[in-house]
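I have placed the structure first, in the form of structure tokens, so that the comments after it can refer back to it.
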Amino acid sequence: AQKVTQAQTEISVVEKEDVTLDCVYETRDTTYYLFWYKQPPSGELVFLIRRNSFDEQNEISGRYSWNFQKSTSSFNFTITASQVVDSAVYFCALRKNNAGNMLTFGGGTRLMVKP
Amino acid sequence: DGGITQSPKYLFRKEGQNVTLSCEQNLNHDAMYWYRQDPGQGLRLIYYSQIVNDFQKGDIAEGYSVSREKKESFPLTVTSAQKNPTAFYLCASSTPAGERSDEQYFGPGTRLTVT
């Protein structure tokens with residue numbers, strides 16, 4: 001069975017601090033995909049990134065960066081120089097290969113960035 | 001603008017009544033999904049449809065029903081058999097898994113309160 005764990009239920013930082021959101025996953029598959037989504041207060045989930053299991057390169061997109069480590073089954077998300085607009089709930093999700101497009105979501109981490 | 005619409009944003013019903021939540025997309029996506037989100041929890045899959053006139057149960061389908069008569073529409077009915085229907089319901093759509101951009105796109109959600 002697949003499982004995604006986001007151990008940090010809530011994180012509070014002050015603007016301009018760096019913050020890392022942890023994601024640990026469990027799967028028996030050798031091919032799989034990992035995702036991060038952002039859920040702002042409006043409720044709609046916004047896609048941030050997809051990573052397949054064969055690509056362990058870290059990725060950077062502006063202030064966002066992702067660290068994928070298969071050895072520790074982790075796919076952590078770092079926001080550099082956080083801003084108030086980063087306040088949201090962030091979800092990590094896992095998709096098996098050959099399973100349609102079914103996602104298993106973690107419980108989410110609520111990030112609060114204070115001015 | 002392409003996207004997913006869910007209406008209404010807030011819905012109130014009396015216990016024992018069936019209620020139908022609408023989901024419409026103009027992204028030309030074949031696949032559509034319904035998720036349920038409870039406070040402080042991740043998303044759980046209720047039903048999904050990979051093509052018109054076909055749908056499959058997700059992890060928590062009991063007490064729910066769906067139809068997929070048109071590619072653009074995937075309404076969800078919350079029946080009186082659903083024991084705890086109060087929740088935030090999110091609809092999503094995607095291209096088939098394996099295509100270049102197969103991540104799921106989400107609608108703004110409907111918050112259902114049953115008293």
Check: C-alpha center the range A:24-92 vs C-alpha center the range B:45-115, spacing in Å is 24 Å
With the dipole of the protein assembly as shown defined by +1 on each Lys or Arg Cβ and -1 on each Asp or Glu Cβ, the option from B:Tyr47, A:Thr30, A:Ile79 whose Cα lies farthest towards the positive pole is B:Tyr47
Percent relative contact order for chain A, counting Cα pairs under 8 Å at least six residues apart, stands at 38 percent
Flagged as over-length at 31 Å C-alpha distance, from B:Lys9/B:Lys70; A:Lys96/B:Lys70; A:Lys70/A:Lys114; A:Lys114/B:Lys71; A:Lys114/B:Lys83, the pairs are A:Lys70/A:Lys114; A:Lys114/B:Lys71; A:Lys114/B:Lys83
Here the relative contact order (percent) of chain B, from C-alpha pairs under 8 Å and at least 6 apart, is 34 percent
For the range B:63-112 the mean separation of alpha carbon contacts under 8 Å (6+ apart) over residue count, i.e. relative contact order in percent, is 30 percent
Per the charge dipole of the range B:29-115 (beta-carbon charges, Lys/Arg positive, Asp/Glu negative, Cα centre), the residue among B:Ala61, B:Ser80, B:Ser94 reaching farthest to the positive end is B:Ser80
The set of residues whose placed amide H lies less than 5 Å from the amide H of A:Leu111, leaving out same-chain residues fewer than 5 positions away, is A:Ile11, A:Ala88, A:Val89, A:Tyr90
Quick note, the range A:30-115: a/c under 1.5 would make it rounded; otherwise a/b > b/c is prolate and the rest oblate (a ≥ b ≥ c, C-alpha gyration tensor); here it is oblate
Computed for chain A: size of charge dipole around the Cα centre, +1 on C-beta of each Lys and Arg, -1 on C-beta of each Asp and Glu, debye to nearest 20, value 260 debye
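A short reminder: the numbers here are calculations on the coordinates, not readings from a lab. Because the structure is a prediction, the values reported are computed rather than measured. Positions of Cβ are backbone-derived with ideal geometry, glycine not excepted, and every protein chain shown enters the neighbour counts.
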